[in-house]
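Step one of this worksheet: look at the structure below.
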Amino acid sequence: MMQELPSELRTTLSDADLAEIAANKPKPGDDQPDALGLATAWEHHVAKIDSDRALPWSDRSVWTEHDLAAALFMRDFVENALTRLPPALADKVRRYVAITDEKFRSFTADDSGERMAKIAGIDRAGKSWWWFRVPTSGPIAQDLARY
């Protein structure tokens with residue numbers, strides 16, 4: 001496996017598990033992420049959105065509402081990747097994803113999903129819980145106040 005395995009998974013996943021995950025990528029190809037790569041990307045997106053909350057809206061490095069939409073699409077990709085794995089293996093990875101999900105919940109609040117649907121150009125019908133949460137503070141919250 002080429003990517004650095006998060007410490008939370010090192011003790012949980014065997015070499016056989018890692019091979020199974022790599023063999024069940026949502027898209028074929030060596031350069032395409034597997035479920036672990038997508039879960040790690042979700043974690044990085046959530047960490048960036050959370051850390052940006054302490055920065056002023058005028059800081060040119062902060063992410064916008066469009067980056068939040070990208071993060072929510074990333075979470076969709078994670079879920080899709082998990083459905084491709086055998087249930088017992090998906091549960092192992094899902095426990096890791098749940099840590100990031102809880103972090104996301106910790107700085108977001110319930111929302112109707114209308115704003116994110118408009119920003120992302122999607123129909124919110126059938127969308128999962130993460131599409132119905134928005135940051136409670138920070139630049140993205142300020143951006144969303146304009147909708």
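The values are calculated or read from the model by the stated rules, or taken from the named source; none is laboratory data. Worth saying up front: this structure is predicted, and the values here are computed from it rather than measured. Ideal geometry is used to build each Cβ from the backbone, glycine not excepted, and the neighbour counts take in all protein chains shown. We work out accessible area using only protein heavy atoms, side chains counted, and drop any ligands, DNA or RNA first. Shrake-Rupley method; radii C 1.70, N 1.55, O 1.52, S 1.80 Å.
With contributions of -39500 (n - 2.57) from each DSSP H run of at least four residues, the per-residue ellipticity at 222 nm computed over the chain stands at -17500 deg cm²/dmol.
How large is the convex hull of the Cα atoms of the chain per residue, expressed in Å³ as a whole number?
Convex hull volume per residue, Cα atoms: 122 Å³.
For the chain, the membrane-span-like helices by this rule, meaning whole DSSP H stretches whose C-alpha atoms cover at least 20 Å of axis and whose Kyte-Doolittle mean is -0.5 or above, are 35-52, 65-83; this says nothing about an actual membrane. With the charge dipole of the chain set up from +1 on Lys and Arg Cβ and -1 on Asp and Glu Cβ about the Cα centre, the Cα lying farthest toward the positive end among the listed residues 147, 35, 45 is that of 147.
Over the chain, calculate the relative contact order: mean separation of alpha carbon pairs under 8 Å at least 6 apart, over the residue count, as a percent.
On the way: 143 pairs, mean separation 42.0, N = 147.
Computed over the chain, the figure is 29 percent.
Placing +1 on each Lys and Arg Cβ and -1 on each Asp and Glu Cβ, with no other charges, gives the range 16-89 a dipole about its Cα centre of roughly 80 debye. Note on exposure: 74, 116 ranked by accessible area (1.4 Å probe, complete protein assembly) read 74, 116, with the most exposed listed first. For the pair the range 80-122 and the range 19-59, the centres of their Cα atoms are 12 angstrom apart. Residues of the range 46-84 with an amide N closer than 15 Å to a point placed 7 Å from the Cα of residue 20 along the Cα-to-Cβ direction: 82-84.
Could you give log10 I(q)/I(0) at q = 0.23 Å⁻¹ for the range 1-82, computed by the Debye formula over C-alpha point scatterers of equal weight, without solvent? Log-scaled intensity ratios, in q order: -1.08. Residues of the range 6-32 falling in the label zone of residue 83, defined by backbone nitrogen less than 18 Å from a point 7 Å along Cα to beta-carbon, are 24-28.
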